[in-house]
1. Just give me the residues in region B:253-277 being within 21 Å of B:Val214 (Cβ to Cβ) and of a type outside the set (Gly, Ala, Ser), in sequence order.
2. Quick check on A:Gly447: is it of a type outside the set (Lys, Arg), modelled with pLDDT of 90 or more and assigned to a strand (DSSP E or B)?
3. Can you pull out the residues in region B:122-161 that are surrounded by 14 or more Cβ atoms within 10 Å (Cβ to Cβ), in a loop (DSSP other than H, G, I, E, B) and either free of Cβ contacts under 8 Å to residues at least 12 places away in the same chain or out of contact with any strand residue (DSSP E or B) (no Cβ under 7 Å at 6 or more places or on another chain) (or both)?
4. With respect to B:Gly115, determine if the residue is touching a residue at least 24 places away in the same chain (Cβ under 8 Å) and on the phi > 0 side of the Ramachandran plot.
5. With the requirement that a residue be at pLDDT below 90 and more than 27 Å from the chain's Cα centre (by Cα), what does region A:26-65 give you?
6. For the condition closer than 30 Å to A:Pro321 by Cβ, part of a helix (DSSP H, G or I) and within 16 Å of the chain's Cα centre (by Cα), what is the one hit in B:Leu225, B:Leu221, B:Leu172, B:Leu180?
7. Working carefully through the options B:Val184, B:Val149, B:Val164, B:Val177, find the one that is within 14 Å of chain A (Cβ to nearest Cβ), in contact with a helix residue (DSSP H, G or I) (Cβ under 9 Å, 6 or more places away or on another chain) and among the β-branched types (Val, Ile, Thr).
8. Checking the condition away from every other protein chain (no Cβ under 14 Å), at pLDDT below 95 and either touching a Ser or Thr at 6+ places or on another chain (Cβ under 8 Å) or part of a loop (DSSP other than H, G, I, E, B) (or both), which residue from A:Arg251, A:Arg262 passes?
Amino acid sequence: MASPLLAMTGIVKEYPGVRALDRVDFDLYAGEVHCLVGENGAGKSTLMKILGGAVQMDGGTIAIDGRKTVIGSPVDAQRLGIGVIYQDFRLVDELSVAENIVLGQEPEGYGFLTVLDRKAEHKRAQEVLALLGESLDTRMPAGMLSAAKRQIVEIAKALSRNVRILVMDEPSASLSDHELNNLFAIIRRLKSEGVGVVYISHRLEEIFSIGDRVTVLRDGSRVETGAVQRMDRRTLIRLMVGRELEQEFPREDFAPGGEILRVDHLNAGMLKDISLSVKEGEIFGIAGLVGAGRSELAHVLFGAGVRDSGSVLLKGEIFDPRSPGEAIEAGCGLLTEDRNRYGLILQMNVRENVTLSNLRELVRGLVIDRRSERTTAERFARQLKIKAPSVEVSVETLSGGNRQKVILARWLFTQSKLLIFDEPTAGIDVGAKREIYMLMNDLVRRGIGVIMISSDLSELLGMCNRIAVMCDGRITGILKREEATQEAILSLATQFAEAEDHAG
Amino acid sequence: MPAERSTLSRILSDYGIGAAFVLELALFSVLSPHFATVDNLLNVTLQTSITAIIAVGMTFVILTAGIDLSVGSLVALSGVLTTVVLRADLPVPLAYGAGLGAGLLLGALSGAVAGILVTRFRITPFIVTLALMTIWRGTAFVITEGRPVWELPEGFSEIARGRVFFIPIPTLIMIVVFALAHFVLTRTKFGRYVYAVGGNSEAARLAGIRIDRVLVQVYMLSGLLSALSGILLASRVDSGQPNAGLMYELDVIAAVVVGGTSLFGGRGTVIGTLIGSLLIGVLRNGLNLMNVESYVQQVVVGVVILLAVMMDRLRKR
């Protein structure tokens, strides 16, 4: 084999008190997709930040095309043909697609007096997009694009810089299956052009569909590198967590009980004629492409959107909240898709985040009773096994899984009867995912209604008793566990031809 | 993964502004023999009290990631309104009740208007309060035809000039306002909601908090405290001055920011604001005692504000 495009050898990175990377080796060949997996904190992001020049290593060497090199800054990385696409895209919303693609590559000209040739910019942008087999209106502001399209712009941006090494950090986080397939097609095209791709993902099935080789990191060390073909899901999980994980989806069967939520002919904005019911003893899944209206449905149920018509009953009582406050009062809780933006107050500590929605329980006279607030928070932290040194630490110091638990604790404290989980395990690692699933089982056991919205079909299939599939604002089918398969869900999710154009 | 904080930044973050304040006190004690006397220090608190009381309301507003530029104009208009009502020939207790009541009510109403414009009409606080600033200033001039309101009932000036034991009444009021505000922010539901709304308003809304109500209340508080200060100032100069409180909004914002409250909301304390106010007050007083020319003083105050905020940046590293 020829010398690798990239060889990182013995990479060490120390942070005060932790060795984030301990003599890690990682290499990448031209035309290969090398997946990087590991739990949160395993060191994947740190390794890629070193490659992207955002962070400096404390030991080890990096060679490109067999020549040792130093990546001192993101500019160095760019010059060496390394492109990193971060999870939170780095596009300027106000600038057009074309302007974003050429940003930073404007001709030198006369310094700030340089007149930009817009026509040439659009032409260049369209050329690059054509390489990806995409056609986008390059005049559209980037902020108006869907997540999937923004990602394509990011890839185009990297390509226009003649990238040879492309790093994609959790590219699928906000993509529907259909969009993901499109992304894979683009990646295959890049491969055939000789680009080396580093692909980071928590979703293992993606690794099996797109990866050539996979490297597993655990606690800052490389555990294994090997051909994807020679791995299976179970092995990968074992390597990542460092122990045998009994069962990825710990589904339990409960006796079906009474109806918790009943929605009849609900219309609201894009949502059309939604009818469903959630019973005691089940986890009710909602599948669909991004933009199908799943989150909108959650928001409307939670009083954060306006209803046009239809009726909703919660435990037999009319449930028509005009605000999230009223929904909470009636016993509904929403675990939002983006925990950090819509769930937590990051400046606050665990205690304050847990009690936020039910402070009146804790108020004595005019004052919040500090002692009972603390014991309340500690009780839930114990119950949900929130890993934190104390409830007084900032939620910013917690991992994704523990942050999710903090919000769950909030809704347990308000004594919710119905909990809606919107993408509950996005960005959460395998071990912590399982814990979230077990907590869902606990909730069901306690008679709480659980709705799970997810883009991860395997978790829906693995955990739900029934799955409603949405497409273009409607429910196109509700599948029982026995009927639910990937294919059945996907065909319902793309039932309306026009839905694909609206998706995203 | 954040690097562990350096010792320096930890000291700055835990004691930063307090340490700077103590240093300042020590410095002026050495530089001027007239500084560290009971009379002078009480005088500083008296002089600082007017803006410090406003700064309490401003702290609440800034904690919600807002701003209130109308405070200086409210000082003038509430002073004018109170003194105009006082001059109407009402029997004494009623005159005071009506005068003070009118001033305070104006403040609260102005805040309510600001709050409603910000929440219902989604206009940014900067623009809303900028407009109110010129509206109230103009109104104060219109009412008085540009002339001060003199010849007030005897005793009105006693409010600001009187003392309880040896402590000036405005100083006492300032202490009470700060103590109450500290209590409200740290111990009550309302205080918690203020931090939540400022920290992440969308998350706060989805947690069931009625953020519109919190915001309106916060602007009302700011208006009310500005009016209280306006009345105290009118009492101190024994007249209603339409040009009173000019540029106070900037002094007050400076005190709040020097006190460590983030302009992005969600972080800050009124204790910090108290120290920030006193730090600037002591600076002015000390420079006066050392006979530093007033033009030079402005430069020094500006530099100190920058230094304080730079320290704040450092500690967030």
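1. Once the filter is applied, which keeps residues that are within 21 Å of B:Val214 (Cβ to Cβ) and of a type outside the set (Gly, Ala, Ser), region B:253-277 yields B:Ile253, B:Val256, B:Thr261, B:Leu263, B:Phe264, B:Arg267, B:Thr269, B:Val270, B:Thr273.
2. Taking the combined requirement at face value, the residue does not satisfy it.
3. Answer for region B:122-161, where residues must be surrounded by 14 or more Cβ atoms within 10 Å (Cβ to Cβ), in a loop (DSSP other than H, G, I, E, B) and either free of Cβ contacts under 8 Å to residues at least 12 places away in the same chain or out of contact with any strand residue (DSSP E or B) (no Cβ under 7 Å at 6 or more places or on another chain) (or both): B:Ile123, B:Leu152, B:Pro153, B:Phe156, B:Ser157.
4. no
5. Selection gives nothing.
6. B:Leu221
7. Exactly one residue qualifies, and that residue is B:Val184.
8. Matching residue, one of A:Arg251, A:Arg262: A:Arg251.
The values are calculated or read from the model by the stated rules, or taken from the named source; none is laboratory data. Small disclaimer: the values here were computed from a predicted structure and weren't measured. Note that each Cβ is placed from the backbone with ideal geometry, even for glycine, and that neighbours are counted across all protein chains shown.
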